[in-house]
Amino acid sequence: MESARQSMIELSQADIPRLYWGTGSPVIEGVQWRIEAGDFWAVGAMPGSGKTGLLYTAAGLQRPIKGKQLMFGKDVREMSEEELVEKRLKIGMVFDSGRLFAEMTIAENLALPLAYHFHLASEKRTEAINKVLAAIGLSDLANEKPSQITRNLHQRAGLARALVLNPDVLLIDNPLLSVDPRQARWWLDFLCQLNKGTTKLRSEPITIAVATDDLRPWRDTAQQFAFIQEKKLRIVGGRENLRQNADPAVRELLTPGFEGGYG
């Protein structure tokens, strides 16, 4: 019998707060979601449905209003602040706009978390930064500031900042929103390689969950699917389950011409 894979993030009967609010009426209720090692999830939802808040909560950047949250098999309520920070560092959050510091170069944006969390010497930081930027094709932009690069590369630089900390899990908010087809293909191919552990950055697979307005591009890339409807996270299952799912909300997220994301 195949042994169960390690739980990386688990939400149980969790009410998800609206982004930055932390209290009040939940944007999603009663979430049951288990992300296991090696998973590649795509969570589809209309804009404003709470998918960003779901990722923030899963990453430990905000707490659920109620319910249980596990990180790497341990209840966050039982963790010390030091242990919680350690677990969070294993989860890379890639924000929808990259969230870069405007007055810093791309390389400096990557150097900041390395210096803050790991206190690496300058030479080691430079080595780690150069390796990540080369892997994602941004080496030529290392010394540019965010205002000097196209906006559809901001989130790619944000991905680099997350990867420089060598996370085991990546949570990515709407990576294909407003990017051109060439950039979209880059994201799909690169994330697939990360999930399989076939990049030059590391040989171990990275667990991935993306939130998206449009499920179409992810049909043959992600492995597990879910969607948000009427304040509920609804698990679809694998690719075949997605193809056969007749729920109108799922079909809308798979409809050509939908204006929520790439395509």
Note on the range 132-226: alpha-carbon gyration tensor, axes a ≥ b ≥ c; rule is a/c under 1.5 for rounded, else prolate if a/b larger than b/c, else oblate; result oblate
antiparallel share of DSSP beta bridges within the chain, to nearest 5, in %, is 50
Sorting I91, A211, L170 by the position of each Cα along the dipole of the chain (Lys, Arg +1; Asp, Glu -1; all at Cβ), the one nearest the positive end of that ordering is A211
Inter-part gap, Cα centre of the range 118-142 to Cα centre of the range 154-223, in whole angstrom, is 19
Computed for the range 106-158: size of charge dipole around the Cα centre, +1 on C-beta of each Lys and Arg, -1 on C-beta of each Asp and Glu, debye to nearest 20, value 140
To the nearest 20 debye, the range 1-120 has a Cα-centred charge dipole, built from +1 on Lys and Arg Cβ and -1 on Asp and Glu Cβ, of 260
Ranking L19, L254, F190 by how far each Cα lies towards the positive end of the charge dipole of the chain (+1 on Lys and Arg Cβ, -1 on Asp and Glu Cβ), the top one is L254
The exposure ranking of K200, K87, fewest beta-carbon neighbours within 10 Å first, is K200, K87
Karplus ³J(HN,Hα) for the range 81-88 (6.51 cos²θ - 1.76 cosθ + 1.60, θ = phi - 60°; Hz, whole; x = Gly/Pro) runs 4, 5, 5, 5, 4, 4, 5, 4
Flagged as over-length at 27 Å C-alpha distance, from K51/K74; K68/K232; K200/K232; K51/K131; K131/K196; K196/K232, the pairs are K200/K232; K51/K131; K196/K232
Long-range alpha-carbon pairs in the chain, meaning those over 35 Å apart, account in percent for 13
Rounded to the angstrom and largest first, Cα extents along the principal axes for the range 124-187 equal 35, 29, 17
The chain, Gaussian network, Cα under 10 Å: of A160, A121, A59, the residue fluctuating most is A121
Quarter of the surface of the C-alpha convex hull for the range 210-251, i.e. direction-averaged projected area in nm², equals 2.8
Filtered hits (aspartates and glutamates, Cα-Cα < 17 Å from K66, offset >= 8 within chain) -> E10, D15, E29, D75, E78
Assertion target for M46, M93, ordered by fewest C-beta neighbours within 10 angstrom first, is M46, M93
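No lab work stands behind these numbers, since they all come straight from the coordinates. If you're wondering where the values come from, they're calculated on a predicted model, not measured in any experiment. Glycine also receives a Cβ, built like all others from the backbone with ideal geometry; neighbour counts cover every protein chain displayed.
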